[in-house]
Every structure is written in C-alpha cells, then in structure tokens.
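Visitor: Once you've had a glance at the structure underneath, I'll fire off some questions.
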Amino acid sequence: MPRSRKTGGPFPMPDGTQDRESVANTGAVRPGSEDDVPAMAHIHAQAFAASAAWSAPSILHLLKTPGVFALVAEHEGKPAGFALMRAAGNEAEVLTIAVDPPHRRQGMA
C-alpha cells in the first residue's frame, strides 16, 4: 500500500479504505459524487481566477464521462477540497485539484 510522505501511514484510497491516524488532522477523503458538484464548483471558484474556474455544469459533464472520478477531502463533514481525475488503461491524470483557501497548507492536497 502506498505510504504518506507526511505521516508514514497509508494514503486514503479511492475504494474508501483509509487509516484513521493518517487523516486525523486533515479530515476524511472519500469518493465524490454528483451531489458534491455544487460544492466542487464553489471550491474551484475560490481557488482559481474567475476566468479559469470551472462551472458546476462543466464538472458534472466531466463526472459523467467514462473513467472520470473525484475524490473529496472533508473538514468537519463538509467538502474542503477535491481532485478530479481520469483513468484510461494503465494510466491516470489529474484534471484539476482545488482546496478551499481557508483549508490550504493543512495536508489535504
């Protein structure tokens, strides 16, 4: 299992398994869903200039694309950051990653 450089513990994995100690200070990381799209668009708008921010319809369109998935970092039960990724074959790419400014530099991304 991959190890976190910061804590030496396992990273939270896309299948939902995680080590509580490795995320105790940063909250939980879980798979994102269509229900998270408004929060993801809000976070993206806070993290990027208005001309570069992705809209909720754009994020939703991507999430419905085969191979695209999101991971959402939570703080006190609310989305505080996310990564949108695409997997194809043996490769994957990060499409975007954003953390709400008040939650930056706390190990979420």
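Visitor: Are any of the residues in segment 35-47 modelled with pLDDT under 85 and not charged (D, E, K, R)?
Guide: The answer is no; no qualifying residue exists.
Visitor: Further question on the same structure: Does ALA56 count as open to solvent by less than 50 Å² (accessible area, probe 1.4 Å), among the small types (Gly, Ala, Ser) and either under 14 Å from ARG30 (Cβ atoms) or in contact (Cβ under 8 Å) with a residue 40 or more places away in the chain (or both)?
Guide: no
Visitor: Next question, about the same structure. Residue by residue through segment 59-109, note down the ones that are assigned to a helix (DSSP H, G or I), surrounded by 13 or more Cβ atoms within 10 Å (Cβ to Cβ) and touching a helix residue (DSSP H, G or I) at 6+ places or on another chain (Cβ under 7 Å).
Guide: Hits for segment 59-109 are ILE59, LEU60, LEU63.
The values are calculated or read from the model by the stated rules, or taken from the named source; none is laboratory data. Worth saying up front: this structure is predicted, and the values here are computed from it rather than measured. We place every Cβ from the backbone using ideal geometry, glycine too, and count neighbours over all the protein chains shown. Side chains are part of the model used for accessible areas, which takes the heavy atoms of the whole protein and leaves out ligands, DNA and RNA. Shrake-Rupley method; radii C 1.70, N 1.55, O 1.52, S 1.80 Å.
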